[in-house]
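Participant: Please see the structure below; I have some questions.
The values are calculated or read from the model by the stated rules, or taken from the named source; none is laboratory data. The structure displayed is predicted, hence computed values, not measured ones. Cβ atoms come from the backbone with ideal geometry, glycine included; neighbour counts cover every protein chain shown. Accessible surface is based on the protein model in full, side chains and every heavy atom, while ligands, DNA and RNA are left aside. Shrake-Rupley method; radii C 1.70, N 1.55, O 1.52, S 1.80 Å.
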Amino acid sequence: MERRTIGAAALEVGAIGLGCMPMSWAYTTSQQRGDRSLRTVNAALDVGVNLLDTADMYGPFTNELLLGRALKERRADAFVSTKVGLLVGEQHLVANGRPAYVRRACDASLRRLGTDVIDLYQLHRADPEVPVEETWGAMAELVSAGKVRALGFCAVGARATRRPGAGAAGSPAFPGSAAPRAAPAAARGPAGGLYEGTIRQLEQVQQVFPVSAVEAELSVWSPEALSQLLPWCEARGVGFLAAMPLGNGFLTGRLTPGEGFEPDDPRARHPRFTAEMMAANQPLVAGLRRVAERHGPSTTPAQVALAWVLGRGPHVVPVPGAKRECWAVENAAAADLELSERDVAEIAGLPPARGSWD
């Protein structure tokens, strides 16, 4: 697989990563099986996917433990990214950026992962009660101590704390997501300052220790990061990890409007995944399918969606989640798909997604 270099630390990763959260937290929990997840991780590593993205809050803790089982035999094949800064409460997520907590959390993640070093340690959320420079400084100390190779920052949009029912940290609509999104009316134009707060924080922490990567949502139906956040990263040589590049599964074309979701699946309560809105957004999937058909019968809408994200820049690495071997392998094959100018123009002409994210 093509390798991409991100950040001041010149980290080399596969062009497509693997989001591990669905293996043990959120989404169709009845389909989460440890042995199958291990096979999925190994299948991804076999085809050149080496960026494994997790967080201590996924489970909580169980996702790191799962990866630890896979890493016992294949640590040299993997680039491990995990996150710190969010605690799981009964009904919401709570940020904790206190330096002492960050140090303890890192040691705990290392134990669960069964590794001596974390390749990319990301701040999941900035704690509003702790200056972000203090949290980042504690994370930088972990680099000096040899426990972490590089630091990353998860982006949060300005509307994160406005969503009804959001927790103290602006609990995301999708657990572990980069941010709740703006209404899609501005999807093809300026993002209305959606990431201004994150960019201010990035400027602050950059003065303390270099940011190697920023993780935020980016997909065909959620392109808001293109306006401000992606250019900020490109100008500074910062890698961009594209979270949810398949639109929480919608862009794969495998979800049927009205089919419903399991009760504990966050999509069951989300306005963009109502039967009405899923039906209204089918033109997006149809457009991706038309492009896929031009590339042959084995090409899928998911691969076209991932290839579109890859085309946003050489520092962009999509990190689709997957629970099954076949999906991880299919996603990886998107790294070999080259979209033509016609393809890109057709995708740009698709109607913006309907349905609010808030």
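Participant: Mind listing whichever residues of the range 122-131 are crowded, with 24+ Cβ neighbours inside 10 Å and either more than 22 Å from the chain's Cα centre (by Cα) or over 16 Å from residue 209 (Cβ atoms) (or both)?
Facilitator: 124, 125
Participant: Look through the range 50-69, keep the residues that are modelled with pLDDT of 95 or more and among the small types (Gly, Ala, Ser), and return whichever of them is nearest to the chain's Cα centre (by Cα).
Facilitator: Selected residue: 55.
Participant: So if I check each of 322, 242, 280, which one is more than 15 Å from the chain's Cα centre (by Cα) and of a type in the set (Gly, Ala, Ser)?
Facilitator: Working: 322 fails: more than 15 Å from the chain's Cα centre (by Cα); 242 fails: more than 15 Å from the chain's Cα centre (by Cα).
Exactly one residue qualifies, and that residue is 280.
Participant: To continue, here is another question. If you scan the range 198-214, which residues turn out to be touching a strand residue (DSSP E or B) at 6+ places or on another chain (Cβ under 8 Å), open to solvent by 10 Å² or more (accessible area, probe 1.4 Å) and not in a loop (DSSP other than H, G, I, E, B)?
Facilitator: Of all residues in the range 198-214, those touching a strand residue (DSSP E or B) at 6+ places or on another chain (Cβ under 8 Å) come to 198, 201-202, 205, 209-214.
Pick out the ones that are also open to solvent by 10 Å² or more (accessible area, probe 1.4 Å) and you get 201, 209-210.
Selection gives 201 alone.
Participant: Out of the residues in the range 318-352 that are among the hydrophobic types (A, V, I, L, M, F, W, C) and touching a Gly at 6+ places or on another chain (Cβ under 8 Å), which is modelled with the lowest pLDDT? So that I can check it myself, show each step before the final result.
Facilitator: So in the range 318-352, the residues among the hydrophobic types (A, V, I, L, M, F, W, C) come out as 319, 322, 326-329, 332-335, 337, 339, 344-345, 347-348, 350.
Checking which are touching a Gly at 6+ places or on another chain (Cβ under 8 Å) leaves us with 319, 322, 332, 335, 339, 344, 347, 350.
Numbers: 319: 98, 322: 93, 332: 98, 335: 98, 339: 98, 344: 98, 347: 98, 350: 97.
So, considering only residues that are among the hydrophobic types (A, V, I, L, M, F, W, C) and touching a Gly at 6+ places or on another chain (Cβ under 8 Å), the one modelled with the lowest pLDDT is 322.
Participant: Name the residue that is farthest from the chain's Cα centre (by Cα), counting only residues in the range 338-358 that are open to solvent by 50 Å² or more (accessible area, probe 1.4 Å) and acidic (Asp, Glu).
Facilitator: Within the range 338-358, the match that is farthest from the chain's Cα centre (by Cα) is 341.
Participant: Here's a follow-up. Inside the range 57-70, can you point out the residues that are surrounded by fewer than 24 Cβ atoms within 10 Å (Cβ to Cβ) and closer than 28 Å to residue 137 by Cβ?
Facilitator: Within the range 57-70, 59, 60, 61, 68 qualify.
Participant: Here's a check for you: in the range 71-95, which residue that is surrounded by fewer than 21 Cβ atoms within 10 Å (Cβ to Cβ) and within 16 Å of residue 154 (Cβ to Cβ) is modelled with the lowest pLDDT?
Facilitator: Here the residue is 88.
Participant: Inside the range 85-115, can you point out the residues that are closer than 20 Å to residue 65 by Cα and either among the acidic types (Asp, Glu) or free of Cβ contacts under 8 Å to residues at least 40 places away in the same chain (or both)?
Facilitator: 87, 88, 101, 103, 104, 107, 110, 111
Participant: Checking residue 108 against (1) in a helix (DSSP H, G or I); (2) more than 19 Å from the chain's Cα centre (by Cα); (3) at pLDDT below 95, which single condition isn't satisfied?
Facilitator: (3)
Participant: Something else now. If you check residue 119 against the conditions, is it touching a Gly at 6+ places or on another chain (Cβ under 7 Å), of a type in the set (Asp, Glu), modelled with pLDDT of 95 or more and surrounded by 15 or more Cβ atoms within 10 Å (Cβ to Cβ)? Give the steps one after another, and end with the answer.
Facilitator: Working: touching a Gly at 6+ places or on another chain (Cβ under 7 Å): no; of a type in the set (Asp, Glu): yes; modelled with pLDDT of 95 or more: yes; surrounded by 15 or more Cβ atoms within 10 Å (Cβ to Cβ): yes.
In short, no.
Participant: Has the range 183-197 got at least one residue that is at pLDDT 95 or above and open to solvent by 10 Å² or more (accessible area, probe 1.4 Å)?
Facilitator: no
Participant: Could I ask something else about it? Restricting attention to helices (runs of 4 or more DSSP H) lying wholly within the range 245-337, give those where 3 or more residues are surrounded by 19 or more Cβ atoms within 10 Å (Cβ to Cβ). Give the derivation first.
Facilitator: Working: elements: 275-280, 282-294, 301-310, 325-333.
So the answer is 282-294, 301-310, 325-333.
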